[in-house]
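**Q** Let me begin by handing over the structure; questions about it come next.
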Amino acid sequence: MFPFSILRKCIFPFFILYLVLGMSVPIRSQSSQHPKFVLLKDSPVLSEKFRQHLAKLSPQEKVKVWVFFTDKGFQDLEGYHSAVIQAKKTLTSRAAWRRSKTMRQSLVDFYDLQVNQSYIDRILNFQAKFRQRSRWLNAASFEIPVGELERISKLSFVRSIKPVLGGKRKPIRIEAPPEAMPEGKGPLDLNYGASYAQLQQLNIPAAHNLGYYGQGVIVCMMDTGYLKDHQAFSEDSVLAEWDFINNDGNTQNESGDPSGQHNHGTYTWSALGGAADGNLYGPAYGACFLLAKTEDISMEQPIEEDNWMAGMEWADSIGADVISSSLAYMDWYTYPDLDGNTAVTTIAADIAAQRGIVVCNAMANAGPGSGTLHAPADADSILACGAVNSSGEIAYFSSRGPTYDGRIKPEVCARGVSTRCADPYNPAGYTYASGTSLSTPLIGGAAAVILSAHPDWTPMQVREAMMESGDNSSSPDNTYGWGIPDVLAAIQYTFYITGDLTGDEEINLADVLYLINYLYKGGPPPSPLFLGDVDCDDQIELSDVLYLVNYLYQGGPGPCSH
């Protein structure tokens with residue numbers, strides 16, 4: 001048997017000295033903390049599936065593609081640090097504050113560094129038309145003649161070429177007014193009108209009564225455009241807007257837009273943040289908004305992922321706390337691609353969450369079959385939203401999980417059948433619409449209400465609180481997920497942070513010492529006991545101490561979740 005007395009006498013004094021004085025006894029190689037600055041080219045650069053598609057087209061026909069690059073124009077640590085310094089200069093104070101909740105080591109990392117402009121310029125020499133660029137993907141999108149793609153693939157800095165994917169959601173259903181739609185006033189004497197039922201289902205009026213209605217929170221809407229002139233909207237609540245289709249600052253219909261371009265976005269924005277006493281209140285009627293126009297309904301495939309990607313990065317840069325997106329991609333993907341790591345939009349949604357943004361996205365309207373969710377609902381760090389009716393029963397059209405890798409989806413549900421919203425055809429009118437497109441903004445608004453109460457909460461904390469307050473949390477499944485959240489209960493939710501043994505809501509040296517005292521000095525046990533099992537192997541032992549040290553001082557992975 002190992003003589004632990006020797007361990008206590010000989011190793012722990014040195015171990016504590018190392019912690020306090022920062023002695024360089026590496027737990028893992030320092031070089032492993034640095035990003036990979038240069039990636040190898042994919043083999044093949046053009047996938048066989050994409051080649052088969054291109055073979056059906058003429059060499060002169062233009063296609064929309066992502067060109068992914070091997071690097072960002074530097075190849076060493078010095079170049080990386082220089083690029084980080086430049087990127088930090090562009091980080092707004094609001095974005096920096098939000099990122100500080102989730103990014104321990106640095107508020108800027110490799111994802112934030114600019115795409116190398118010289119690489120984009122080289123691609124433009126191949127009869128290419130520039131569309132969008134993505135720092136997060138280290139890629140840019142173009143329209144390029146099919147016949148030029150083979151030549152581009154041979155460039156040394158081109159890692160891979162993939163299609164820009166598009167999707168088309170099922171048309172939103174406009175409903176006749178329900179026969180029995182309860183109306184009501186809230187405790188603050190807000191006259192919710194016919195929107196009362198959809199808010200009461202989430203217990204939002206009770207949160208409003210406590211003074212939480214989205215104030216202090218920035219919500220980004222990602223959609224088709226918005227009838228800003230509708231009486232349910234306040235111009236003062238819009239911090240910024242951008243049309244990623246026409247590259248201008250107007251997200252309402254303009255010359256050349258189809259008449260219905262701004263309809264879908266008007267429905268979703270009003271359901272989340274509208275305010276018209278006696279007619280409609282969204283959960284987060286007090287929030288500030290960023291309006292991104294990312295979907296072109298004049299196109300055969302109106303939802304194009306490069307515009308959506310650009311909108312996500314724009315929202316991050318300004319400081320959005322919540323993103324509400326009712327898009328769904330599936331046309332090119334197959335079910336095995338819904339593994340949380342494949343689709344471009346899925347990857348982006350998780351990157352946004354890593355940067356402190358609560359991402360709420362529709363499951364899609366492809367139910368009721370199993371595994372009918374669409375990207376990016378398969379992302380593992382977001383709130384994928386299903387739709388229920390006024391009785392809390394799942395809508396037949398609401399897409400179901402699981403993800404291909406077996407995770408439960410959706411996370412939560414909200415009213416998506418006959419949801420009260422603004423009428424885009426009448427600046428003073430209101431209507432009812434159905435779809436997971438309508439349940440999603442209710443969840444997005446609920447998230448903003450929770451952040452009003454707890455501005456320091458991370459996306460994963462908001463997510464956990466909403467899921468654990470759901471009416472199906474005791475037995476989550478791939479129809480309802482964790483169910484319909486109770487927003488008041490979510491606000492009152494208590495977190496146990498694995499590794500926080502002292503209860504100060506931080507993981508630091510004091511927690512390491514607490515664990516050592518418990519294991520080797522007869523000190524009090526963690527309460528609850530699982531807080532000390534930071535590596536989740538169902539035992540509290542020396543490995544947990546080392547795990548915490550690695551996390552705190554060597555940038556290792558954080559404590560697991562129980």
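Read-outs throughout are calculated quantities, based only on the coordinates presented, and are distinct from any laboratory measurement. From a predicted model like this one, the values you see are computed outputs, not experimental measurements. Don't worry about glycine lacking a Cβ; one is built from the backbone with ideal geometry, like all the others, and counts go over all protein chains shown.
**Q** For segment 332-341, take each phi angle, set θ = phi - 60°, evaluate the Karplus expression 6.51 cos²θ - 1.76 cosθ + 1.60, and give the result in whole Hz per residue in order, putting x for glycine and proline.
**A** 8, 6, 10, 3, x, 6, 8, 10, x, 9
**Q** Under 14 Å between C-alpha atoms is the cut-off here; go through segment 48-164 and count lysine pairs that meet it, provided they're at least eight residues apart or on different chains.
**A** Lysine pair count for segment 48-164: 5.
**Q** Next question, about the same structure. Between SER469 and residues 5 or more places away or on another chain, which pairs have amide H atoms under 5 Å apart, with H built 1.01 Å from N, and which residues are they?
**A** Amide H to amide H, under 5 Å and 5 or more residues apart or across chains, SER469 pairs with ASP486.
**Q** With θ set to phi - 60° and the Karplus curve 6.51 cos²θ - 1.76 cosθ + 1.60, what are the ³J(HN,Hα) couplings of segment 208-221 in order, to the nearest whole Hz, using x for Gly and Pro?
**A** The phi angles translate into 4, 4, 7, x, 10, 9, x, 5, x, 10, 9, 10, 9, 8 Hz.
**Q** Would you mind working out the magnitude of the charge dipole of the chain relative to its Cα centre, with +1 at each Lys and Arg C-beta and -1 at each Asp and Glu C-beta, to the nearest 20 Debye?
**A** For this selection, approximately 1320 debye.
**Q** What residues from segment 55-91 fall in the zone where the backbone N is under 20 Å from a label point 7 Å along the Cα-to-C-beta line of LYS154?
**A** 55, 59-61, 67-70
**Q** Now for a separate question. Convert 37 °C to kelvin, take the viscosity as 0.692 mPa s, use the Kirkwood radius over C-alpha pairs of segment 396-494 as Rh, and evaluate the Stokes-Einstein diffusion coefficient in µm²/s, rounded to a whole number.
**A** Answer from the Stokes-Einstein relation: 227 µm²/s.
**Q** Order 213-221, 141-149, 409-417, 97-105 from most to least packed using the mean count of other Cβ atoms within 10 Å.
**A** The peptides rank, most packed first, as 409-417, 213-221, 141-149, 97-105.
**Q** For segment 203-491, rounded, prolate or oblate, judged on the Cα gyration tensor with a ≥ b ≥ c (square roots of eigenvalues), a/c < 1.5 rounded, else prolate if a/b > b/c?
**A** Note, shape of segment 203-491 comes out rounded.
**Q** Among THR498, PHE289, ASN550, which residue has its Cα furthest toward the positive end of the charge dipole of the chain, with +1 on Lys/Arg Cβ and -1 on Asp/Glu Cβ?
**A** It is ASN550.
**Q** HN-Hα J couplings of segment 524-539 from phi, Karplus 6.51/-1.76/1.60, θ = phi - 60°, integer Hz, Gly and Pro as x?
**A** In residue order, the calculated couplings are x, x, x, 9, x, 4, 5, 4, x, 8, 6, 9, 6, 9, 6, 9 Hz.
**Q** For segment 327-400 and segment 517-555, what is the centre-to-centre distance using only Cα atoms, to the nearest Å?
**A** Spelled out, the Cα-based centre of one part sits 36 Å from the other.
**Q** Still on this structure, I have one more. Given the chain reduced to its alpha-carbon atoms as identical point scatterers, what log10 I(q)/I(0) does the Debye formula return at q = 0.10, 0.12 Å⁻¹?
**A** -0.87, -1.18
**Q** In segment 203-491, if the dipole is taken from +1 on Lys/Arg beta carbons and -1 on Asp/Glu beta carbons about the Cα centre, which of TYR213, TYR226, TRP314 is farthest to the positive end?
**A** TYR213
**Q** Here's another thing I want to ask about it. When only C-alpha pairs under 8 Å and at least 6 residues apart count, what is the relative contact order of segment 48-164, in percent?
**A** 45 percent
**Q** Another question, then. Can you show me the helix-derived [θ] at 222 nm for the chain, built from DSSP H runs with n ≥ 4 at -39,500 (n - 2.57) apiece and divided by the number of residues, rounded to the nearest 500.
**A** After summing the helix terms and dividing by residue count, I get -8000 deg cm²/dmol.
**Q** Now a separate question. Between TYR396 and LEU509, what is the spin-label point distance in nm, taking each point 7 Å from the Cα along the Cα→C-beta axis?
**A** 6.5 nm
**Q** Continuing with this model, one more query. Expressed in nm to one decimal, what extension gain is obtained for the pair ASN517 and LEU39 from 0.36 nm per residue of sequence separation less their Cα-Cα distance?
**A** So the chain would gain 167.6 nm between ASN517 and LEU39.
**Q** In addition: To the nearest µm²/s, what D does Stokes-Einstein give for segment 48-164 at 20 °C and 1.002 mPa s, using the Kirkwood radius over alpha carbon pairs as Rh?
**A** Rounded, D is 136 µm²/s.
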